[in-house]
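Down below is the structure, laid out as structure tokens.
The values are calculated or read from the model by the stated rules, or taken from the named source; none is laboratory data. This is a predicted model, so every value here is computed, not measured. Cβ placement follows ideal geometry from the backbone for every residue including glycine, while neighbour counts extend to all protein chains displayed.
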């Protein structure tokens, strides 16, 4: 049977598509260490010039929010419509604002 | 974390067969019905998770086993151009397998567990790869027909309800089109070549046509999982719908290069605006599913050999990394 402690750890892969863009999650690879993770990420996710830079980080290091908390975390923004420019009525004829 | 923690406890809790909360199920069904995407950490019914692991790992295994029939011709490609193309295609198939394994792992099944399921025969892969590649024209037929059928299956899966699966499919579909076109190009050149080359192309079409139609799976009335999978948006079209679409698109492509689809019953149906075609030999299909394909044993032997012979590499790299990490820690 498989022994999880013997499996190479999992790394998440992020790719910068081109200069000026931020890195974006692409998928994951298994690798024994960081250097191998970069090599595997390159072979697996950038065979067609998909990027100019790669990030890899151990999957176990990612801390994420719980989907169950989504309402508590994100809904309060819904009643703060005054954060959006369209909330404010500016008379016709006023320009550059 | 993004990827499900395999050593975590939720996995075992979920398998324990605890009755699922009807309110959670209803909320889940409503989200799926509204075409929302389900993500790894979202609650999902255990049956949905299991169906996905089965479908995605089967899909990944097919990509990996699919490298074998084509790999068979890399050293014998007729020229350097064809060889470079075939190498790139086979490498893509490895990549596709890896995208899918990585997406399936987010459901809490480890890569090694999936590999073991394949090697033990517990997990299936596409029946098409249990047919041999006898001539160079088979490489053309595989790209054109097998990848063509795969595209037909995969395009709707870009909108499948499980987010990581859908995203993997988007990536895969972008790359498949090259596979199909290079295959058709091979067939086109052979069909325009000498009589012997033309015969070779026709022979490959004769042998790969029916197995390609089988790739869409059993007929709708004998496909027990279809209804549930359609409701869960894991599947977006039925097997027969996709098969019909494939026939309608592919027949004119064969005619355009002077090849004949090996089906005496094939006939354009003006009323339906589609081709009528003959019955697939389902006996053969079920036999191949059960592992009785012409080269099924060789395929699994090749995978087992690769796994066994790679064991020392996996072990050495792991131990080396652990040693270096320990040394680094000691130096701090």
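Since residue B:166 meets every condition but one in (1) over 27 Å from residue B:44 (Cα atoms); (2) in contact (Cβ under 8 Å) with a residue 24 or more places away in the chain; (3) out of contact with any strand residue (DSSP E or B) (no Cβ under 7 Å at 6 or more places or on another chain); (4) surrounded by fewer than 19 Cβ atoms within 10 Å (Cβ to Cβ), which condition does it not meet? It fails just one condition, (1). Residues that are within 11 Å of another protein chain (Cβ to nearest Cβ), in contact with a helix residue (DSSP H, G or I) (Cβ under 9 Å, 6 or more places away or on another chain), surrounded by 24 or more Cβ atoms within 10 Å (Cβ to Cβ) and under 26 Å from residue B:213 (Cα atoms) do occur in the range B:101-117.
Listed here are the residues, each with its yes/no results for (1) within 14 Å of chain A (Cβ to nearest Cβ); (2) modelled with pLDDT under 95.
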| position | (1), (2) |
| --- | --- |
| B:234 | no, yes |
| B:237 | no, yes |
| B:263 | no, no |
| B:269 | no, no |
| B:290 | no, yes |
| B:304 | no, no |
| B:320 | yes, no |
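Farther than 27 Å from residue B:328 by Cβ and in contact with a helix residue (DSSP H, G or I) (Cβ under 8 Å, 6 or more places away or on another chain): is that true of residue A:26 in this structure? The answer is yes for residue A:26.
Counting just the residues of the range B:233-264 that are touching a strand residue (DSSP E or B) at 6+ places or on another chain (Cβ under 8 Å) and within 16 Å of residue B:214 (Cβ to Cβ), which one comes out surrounded by the fewest Cβ atoms within 10 Å (Cβ to Cβ)? This residue is B:244. Those strands (runs of 3 or more DSSP E) of the range A:1-79 in which at least 3 residues are at the interface with chain B (Cβ under 8 Å from one of its Cβ atoms), considering only elements entirely within it, cover A:23-30.
For the range B:78-100, indicate whether the set of residues that are away from every other protein chain (no Cβ under 13 Å) and in a loop (DSSP other than H, G, I, E, B) is non-empty. Within the range B:78-100, one or more residues are away from every other protein chain (no Cβ under 13 Å) and in a loop (DSSP other than H, G, I, E, B). Among the residues of the range B:1-51, just one is touching a helix residue (DSSP H, G or I) at 6+ places or on another chain (Cβ under 7 Å), at pLDDT below 95, within 26 Å of residue B:236 (Cα to Cα) and not in a loop (DSSP other than H, G, I, E, B), namely B:51.
Here's a check for you: in the range B:115-163, which residue that is outside any loop (DSSP other than H, G, I, E, B) and free of Cβ contacts under 8 Å to residues at least 60 places away in the same chain is farthest from the chain's Cα centre (by Cα)?
Of the range B:115-163, the ones outside any loop (DSSP other than H, G, I, E, B) are B:115-119, B:127-130, B:137-154, B:156-159, B:162-163.
Still in the running and free of Cβ contacts under 8 Å to residues at least 60 places away in the same chain: B:116, B:143, B:147, B:151, B:154, B:158.
Numbers: B:116: 18, B:143: 13, B:147: 9, B:151: 10, B:154: 9, B:158: 14 Å.
That would be B:116.
Checking each residue in the range B:174-218 for being at pLDDT below 95, surrounded by fewer than 19 Cβ atoms within 10 Å (Cβ to Cβ) and touching a helix residue (DSSP H, G or I) at 6+ places or on another chain (Cβ under 8 Å) picks out B:175, B:177, B:178, B:218. For the range B:197-217, the criterion of a residue being farther than 30 Å from residue A:28 by Cβ, outside any helix (DSSP H, G or I) and free of Cβ contacts under 8 Å to residues at least 12 places away in the same chain is satisfied by no position.
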